[in-house]
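As structure tokens, the structure follows; a few thoughts come after it.
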Ligand code: ADP
Ligand code: MG
């Protein structure tokens, strides 16, 4: 019955839109008559021929994150108890109008892949039944798409990211920030990393070789990582107000901030070029399209290995004392060997030592560094 309800609603809406458009066409014709100059009503159509699902997205170009471009409107959720207000003004969850509006607002919390359309912008009221079936549909859709994505990743680099991300990437090429996007260097659980040729940004040259780290918009993995960001006081009041898609941007932003701190302390690490939504562009560690090996894969003489070990210890100290950071995922996987020294990468999850789990993470980092096969001395 729920599905039927939803289908019926959709069909009615479609019918309504079509009728509206037809009426518009008639009016357009009447308005223009035989006149040589005609005025198009195209833009008022509901079913727009060039409908672009992305066009309503907030297009924020930003590098300056002192202002918070991602503050969510106002979080609207239904209260747990099923009612709000007091005495006569009480509103229960059975109040159709209020509830309907709230349901519409809650659609904003659906997964990023779900296009909720303009419902949020208008005074659309969804009944609980319709909302619940929509929600159910989204969940199963998410699971289905997660399965699809897993398969896709093994095909070409292009397909490793969703269309929305691809569009953002192309825009960077169009804007000349990048000359060309080459191939995929790595696809991990939480990110996809591409190699690209740098162009120029604000008339400043971008490093010749850069990487794009695309934070993944499949949410499941990120859920497990919430604690790295939720309790980070720098992000705490923003986290709770954001919908999932925007939380992913926070990860990218966090990595950017952490890298900048590290640069200041002169820790060898990628240099931030540009942050755009969930895509972080930074300098490439490596040469001629060949990325520097992870410490795990680097073939080092025992002499070099010792040097590397001591460098890592020094970096950790600098990271803690000068940058006020704990890496929180430090291992031979996130350290690259390049130009005879170690480089730190992958700091989106790094936290300040005062983080509730800060010292626990630090301990784990220390343990990883001192016990791994390659590094351990
Ligand atoms: P993840 O969170 O997916 O582990 P990382 O930041 O560790 O993301 O990047 C994944 C892999 O991509 C790294 O192990 C490394 O091989 C490569 N990589 C990431 N950043 C760079 C960079 N700036 N230069 C060269 N290779 C990089
Ligand atoms: Mg990594």
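The values are calculated or read from the model by the stated rules, or taken from the named source; none is laboratory data. No experiment lies behind these values; they were computed from the predicted model shown. No Cβ is skipped: glycine too gets one built from the backbone with ideal geometry, and neighbour counts run over all protein chains shown.
A few notes on this one:
- Considering the conditions (1) part of a helix (DSSP H, G or I); (2) touching a helix residue (DSSP H, G or I) at 6+ places or on another chain (Cβ under 8 Å), residue 323 is excluded by exactly one of them, (1).
- Exclusive hit being more than 29 Å from residue 184 (Cβ to Cβ) and out of contact with any strand residue (DSSP E or B) (no Cβ under 9 Å at 6 or more places or on another chain), set 354, 307: 354
- Region 186-203 - residue that is more than 16 Å from ligand 1 (Cβ to nearest atom) and surrounded by 15 or more Cβ atoms within 10 Å (Cβ to Cβ) and, of those, nearest to residue 287 (Cα to Cα): 199
- Residue match in region 351-374 (condition: surrounded by fewer than 18 Cβ atoms within 10 Å (Cβ to Cβ) and within 21 Å of residue 280 (Cβ to Cβ)): yes
- Hits in region 158-185 - residues which are within 12 Å of ligand 1 (Cβ to nearest atom) and within 17 Å of the chain's Cα centre (by Cα): 160
- Residue within region 350-363 that is under 19 Å from residue 236 (Cα atoms), without any contact (Cβ under 8 Å) to a residue 40 or more places away in the chain, more than 27 Å from the chain's Cα centre (by Cα) and not in a strand (DSSP E or B) present: yes
- Condition met for residue 170 (in a helix (DSSP H, G or I) and modelled with pLDDT of 75 or more): yes
- Residue match in region 239-252 (condition: modelled with pLDDT of 95 or more, more than 15 Å from ligand 2 (Cβ to nearest atom) and closer than 25 Å to residue 324 by Cβ): no
- Per-region count, region 309-325, residues more than 16 Å from ligand 1 (Cβ to nearest atom) and under 27 Å from residue 195 (Cα atoms): 1
- Considering only residues in region 178-199 that are in contact with a strand residue (DSSP E or B) (Cβ under 9 Å, 6 or more places away or on another chain) and within 22 Å of residue 250 (Cβ to Cβ), the one that is farthest from ligand 2 (Cβ to nearest atom) turns out to be 194.
- Of all residues in region 328-336, none satisfies being more than 13 Å from ligand 2 (Cβ to nearest atom) and touching a strand residue (DSSP E or B) at 6+ places or on another chain (Cβ under 7 Å).
- Taken over region 173-207, the criterion of being assigned to a strand (DSSP E or B) and more than 23 Å from residue 292 (Cβ to Cβ) is satisfied by 200, 201, 204.
- Within region 341-350, the residues that satisfy the criterion of being closer than 29 Å to residue 301 by Cβ and either crowded, with 20+ Cβ neighbours inside 10 Å or away from ligand 1 (no atom under 16 Å from the Cβ) (or both) are 342, 343, 344, 345, 346, 347.
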